[in-house]
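First comes the structure, then the notes that go with it.
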């Protein structure tokens, strides 16, 4: 066969054609496999890049969320005697982290049920000691609205899991919070045992902040019992830890507690000195909530000294700050304090107005302790107005709430106030019953100062 001037055997021609076709079809098949594969790889690469870009975009958001978490924690720690514990939740993956962060924000906004719902979502993906922290937070959500049985149940779950997972910090925290509830319910011996066990663990793991919280709690037991020297010893130990660790926040808190001891024992000048030092620190470190607390303490000193206009100014300043930072619990407290001052000045209409504002807020945020306190204040205001039946109604409502909360000290105070109403009504036998019950409770919790006051009421009533 002649091709382009060359002679080629026919069999060779067909062999070349066959080989060329095979190569061409092979290349076509290869490209048919490569092109979709490359498209698939390109799609996977694009998805991977999008994921990386999404994650890198999420980093600033996570950093903002973590910062907000620690700000919320700081506020919650200052508002409550019970301590929130988060273990590693601030570093958890999104399915755990996101609902946890939402829950903490809702706690700050006093939305307890919604916060609990978010923590339960977080629990579905949480593992190990993360569950210790989440049960602790749920316990705290139940405590403030006064649901103490539910709170105890969740703190106990936190404690059990902490021991199971050998989470010493979580164990100490759960013990401390159970102690706070035991104290609220008037079982001071049980509370003290919890606090001391918590302190031993804090020392074991060298948790200085935990040690300080435990020492502070132990001091509060001795304060309630009227053993002010022993309480002072513990508060001074907290101050020592604060100074050693250069913890200004803790220092301000310790100075406030020492100031309360000074005020209780009648050394108002020294108390004022400690409160003013705490106020100065709070201003320097920008702790607005601490500043409001210090202003409240200073206002109470001036009220006790009879300098009511000065007291009024400090409580108004505290109210202004609490409103700005959205501390509703503080706002209710401030209105209550203003009501007491207006009552002392004989301006009963203003007193009632402030007490009613306090009551409205405490009911709104579910603060059962605050509601009980304000009902008691309203009862005393009605006594001042001479409306004894109305006063009795409010005091009995306050007494009922305090019984539900198990707050023995507050129960005794309301029993005492009801006794005073029966004295005014001339029903001495009934008044004596209330004073004797008051004395029994104060003796039970070891509140020495109040024991002496109640004994004096009984002596006068008996004409001794």
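Quick rundown of the values:
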{"item": "Some residue of region 357-364 being outside the structural domain of residue 460 (by TED's automatic domain parsing) and within 28 Å of residue 456 (Cα to Cα)", "result": "no"}
{"item": "Which listed residue, of 290, 326, 286, is over 28 Å from residue 394 (Cα atoms), under 20 Å from the mean Cα position of the chain (by Cα) and surrounded by 15 or more Cβ atoms within 10 Å (Cβ to Cβ)", "result": "290"}
{"item": "Number of the exception - residue 79 against (1) within 17 Å of residue 144 (Cβ to Cβ); (2) modelled with pLDDT under 65; (3) out of contact with any helix residue (DSSP H, G or I) (no Cβ under 8 Å at 6 or more places or on another chain)", "result": "(3)"}
{"item": "Region 214-245: number of residues that are in a helix (DSSP H, G or I) and more than 16 Å from residue 448 (Cβ to Cβ)", "result": "17"}
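The values are calculated or read from the model by the stated rules, or taken from the named source; none is laboratory data. Quick caveat, the model's predicted, so the values are computed rather than measured. Positions of Cβ are generated from backbone atoms using ideal geometry, with glycine treated the same way; all protein chains shown enter the neighbour counts.
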